[in-house]
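Report on the structure given below.
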Amino acid sequence: MEFFGRQILIVTLFILVAGCVSMQQMQSGMDEIDSFWGEVNKNILSSKGSRIYSADKPKCWDAAKKAITQLGFTVTEEDIYSKLIAKAPTPLPFTMDEYKNIRVIEEPMMQAIAANHVGKFYSNFYSLDSEGNFYITAIVSITSKELDKTLVQLTFHIEPKKEVKGFVYGHNPPPESVKKGLDKWWNAFESHLLKQDEPI
């Protein structure tokens, strides 16, 4: 779930030399990409980002913590039995092959949006980073529902490890990474939840 990191530094230097595209145009392209991804992600999370389980909060909490760790995240904040915040360097929770498949889907759309602001040539510099220059943050919320049921919700956002002066990155991950990330999360979470009910 990576964004373009070192590439933007290369783009910035190139722009300074060429003088054809301004940083404001680059920023506008980034802003539109982030806005588009945010809208798509909202729909994905609305339909796939939460599930209700017939298990109490402690069981769901335990399964969530084991699942998030299994996926390569480090827990940075926790509210016992209610919330987990964890971080991982991109491209986790994906393998490099899985991440390549995400790039194949996302980069052409990303560049098509950017082209509206910087033109087709410069839009090629908008690419998903493959060198771990970003953190992916996962936020897991666990809430009691009536009749001994528990609601488990998951959201993601991204942030650069280093800021680029004069440029603001978006916080929305590519939608394809959100879809695939949710699939990996629910599989891991439900596997750990089932293990709790297995006889010793």
- Message: Which numbered condition in (1) among the charged types (D, E, K, R); (2) out of contact with any strand residue (DSSP E or B) (no Cβ under 8 Å at 6 or more places or on another chain); (3) touching a residue at least 12 places away in the same chain (Cβ under 8 Å); (4) within 21 Å of residue 40 (Cα to Cα) is the only one that residue 100 fails?
- Response: (3)
- Looking at (1) of a type outside the set (A, V, I, L, M, F, W, C); (2) open to solvent by 30 Å² or more (accessible area, probe 1.4 Å); (3) at pLDDT 95 or above; (4) within 21 Å of residue 175 (Cβ to Cβ), which is the only condition residue 77 fails? (4)
- Please state which of the following conditions residue 126 fails to meet, knowing it meets all the rest: (1) closer than 30 Å to residue 29 by Cβ; (2) touching a residue at least 24 places away in the same chain (Cβ under 8 Å); (3) open to solvent by less than 40 Å² (accessible area, probe 1.4 Å); (4) out of contact with any helix residue (DSSP H, G or I) (no Cβ under 7 Å at 6 or more places or on another chain). (4)
- Quick one: residue 127 ticks every box in (1) in a loop (DSSP other than H, G, I, E, B); (2) closer than 30 Å to residue 23 by Cα; (3) in contact with a Leu (Cβ under 9 Å, 6 or more places away or on another chain) except a single one, so which number is it? (3)
- Query: If you take the residues of segment 137-194 that are among the polar types (S, T, N, Q) and in a helix (DSSP H, G or I), which of them is farthest from residue 102 (Cα to Cα)?
  - Reply: 191
- Item | All strands (runs of 3 or more DSSP E) inside segment 14-89 with 2 or more residues being of a type in the set (A, V, I, L, M, F, W, C) | 83-89
- Message: Quick check on my filter: what residues within segment 107-122 are at pLDDT below 90 and either buried (at least 19 other Cβ atoms within 10 Å of the Cβ) or part of a loop (DSSP other than H, G, I, E, B) (or both)?
- Response: 122
- Message: When you scan segment 90-106, do you find a residue that is over 12 Å from the mean Cα position of the chain (by Cα), surrounded by fewer than 20 Cβ atoms within 10 Å (Cβ to Cβ) and in a loop (DSSP other than H, G, I, E, B), even just one?
- Response: yes
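The values are calculated or read from the model by the stated rules, or taken from the named source; none is laboratory data. If you're wondering where the values come from, they're calculated on a predicted model, not measured in any experiment. Every residue, glycine among them, receives a Cβ derived from its backbone with ideal geometry; neighbour counts consider all protein chains shown. Ligands, DNA and RNA are excluded from the accessible area calculation, which covers all protein heavy atoms including side chains. Shrake-Rupley method; radii C 1.70, N 1.55, O 1.52, S 1.80 Å.
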